[in-house]
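FYI, it's all coordinate maths here, none of it is from the lab. Quick caveat, the model's predicted, so the values are computed rather than measured. Because the Cβ atoms are built from the backbone with ideal geometry, glycine has one as well, and the counts that use them run over all protein chains shown.
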2 protein chains.
Amino acid sequence: MNFKEVVSQRRAVNFFDPGKGVPDSLINEMIELAAKAPSSFNLQPWSLIIVKDPEDKQRLRKLAWDQPKVSEAPVVFIVLGDRDAWKQGHFFVEKNFKEMVNSGIMNENQHDWFLNACKTIYGGNDEKKQAFACKNAGFFAMALMFAGKSLGLDTHPMDGFDHDGVRNAFNIADNFWIPLLLAVGHFDAQKTLQPPKWRKTVDEIVIRTY
Amino acid sequence: MNFKEVVSQRRAVNFFDPGKGVPDSLINEMIELAAKAPSSFNLQPWSLIIVKDPEDKQRLRKLAWDQPKVSEAPVVFIVLGDRDAWKQGHFFVEKNFKEMVNSGIMNENQHDWFLNACKTIYGGNDEKKQAFACKNAGFFAMALMFAGKSLGLDTHPMDGFDHDGVRNAFNIADNFWIPLLLAVGHFDAQKTLQPPKWRKTVDEIVIRTY
């Protein structure tokens, strides 16, 4: 599917066909494609909890304004942004450094420089940590939605949920923020898809401040 | 260009051909495509400052670790996330509500409900405001990078800059966070493109917490 079609046909669908499952192989392909998204210093501070069990989806639905799509979609991702994935000793921070050394982008002596740069840019204060986690998880989630559409899947990104409630119910550690839930499945062809919503024009997006 | 090619061929290129400009029409097309990205309640809390003037790019480069790509790329976007774009009275919040009424998704009586929901989810505290701005700007920026690639453009997302310095130099109001700078142009074919960096596998991304 060409990119313009993917962008135009990706819609936040409200109704999923509960009878149409999604094989794990397709979910894996969707995640693998999206994992090619760029990230700050390639730190990839994103994780997913995959919710498929009907009882777990019901628990999640109760914490998400009782929206039917949470239980009707065959798969719901709890998307996570890791606010600590810039710290010395973090598994993926150290792995990332080793991979950069292996590929010749950095050398062993730059370990301190690398960790200090990460700490300054991403860990300087709570505002920066939150921005780091959410911006990068935003890249990944957008890539997931496009990847899904390109593979014939429909998605719906959701903000309407009790953040602390989901954290507690699904045992999510404090270092993670939950930027969104993402329902994944197939649009219920019995329903009517709403026309696309309005979008800002280029002139509304581009601002002149200086 | 099909989506798998776009995802695989989008690379954060370090070297731009300073002799190869990008016409405004192509920049506009890139922004229009990316503007189809979804957002929280369709609030689209993103803006762009487009930096093209050589002196302005030099000013920005000095604030961005003196990275040559800032001045070599013909166009650099200062990407903004609006931490206030959920508030009553905000131009685009009110426009969004009117558009929803016009299209029949909401009715006039739901104005208070809509504003309260936005305030609760996005404006409840500083952590939520920052997440709202950065997550959505992340969606938009990811879509910009893919849209650019699909139109034959190369990009480079950058975090290495003095956030307050850029805010001051480019007169950016406090309601905006600057999640990234995005250099846009054409890869310099005289240079060697590094091989793609490592990525987390599906098993590294998916976590089990319960």
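Things worth noting here:
- FRET efficiency, 1/(1 + (r/R0)^6) with R0 22 Å, evaluated for B:K52 and B:A169 via beta carbons: 0.90
- Shape of region B:128-205, Cα gyration tensor, a/c cut at 1.5: oblate
- Between copies, the label points at A:Q190 (set 7 angstrom from Cα along Cα-to-Cβ) are spaced 6.4 nm, reported in nanometres from shortest to longest.
- Inter-chain neighbour count for A:42-54: the average number of beta-carbon atoms from partner chains within 10 Å of each residue's beta-carbon is 3.
- Once the Kirkwood radius over Cα pairs is known for region A:28-139, the Stokes-Einstein relation at 37 °C and 0.692 mPa s delivers a diffusion coefficient of 207 µm²/s.
- Whole-angstrom gap from region A:4-31 to region A:149-168, using each part's C-alpha centre: 12
- Length gained on full extension, A:K62 to A:N28: 9.5 nm, using 0.36 nm per residue less the C-alpha separation.
- The angle between the Cα long axis of helix B:111-122 and the main principal axis of chain B comes to about 50°, on a 0 to 90 degree scale.
- Cα gyration tensor shape of chain A, rounded if a/c is under 1.5, else prolate or oblate by comparing a/b with b/c: prolate
- Per-residue mean of foreign Cβ neighbours for B:137-150 is 6 (Cβ atoms of other chains, 10 Å radius).
- In chain B, the longest principal axis of the Cα atoms and the axis of helix B:91-102 are about 60 degrees apart.
- In this calculation the C-beta distance from B:K98 to A:R199 is compared with R0 = 22 Å, giving a FRET efficiency of 0.95.
- For a 4.7 Å threshold on C-beta separation, the list of partnerless cysteines in the protein assembly as shown reads A:C118, B:C118.
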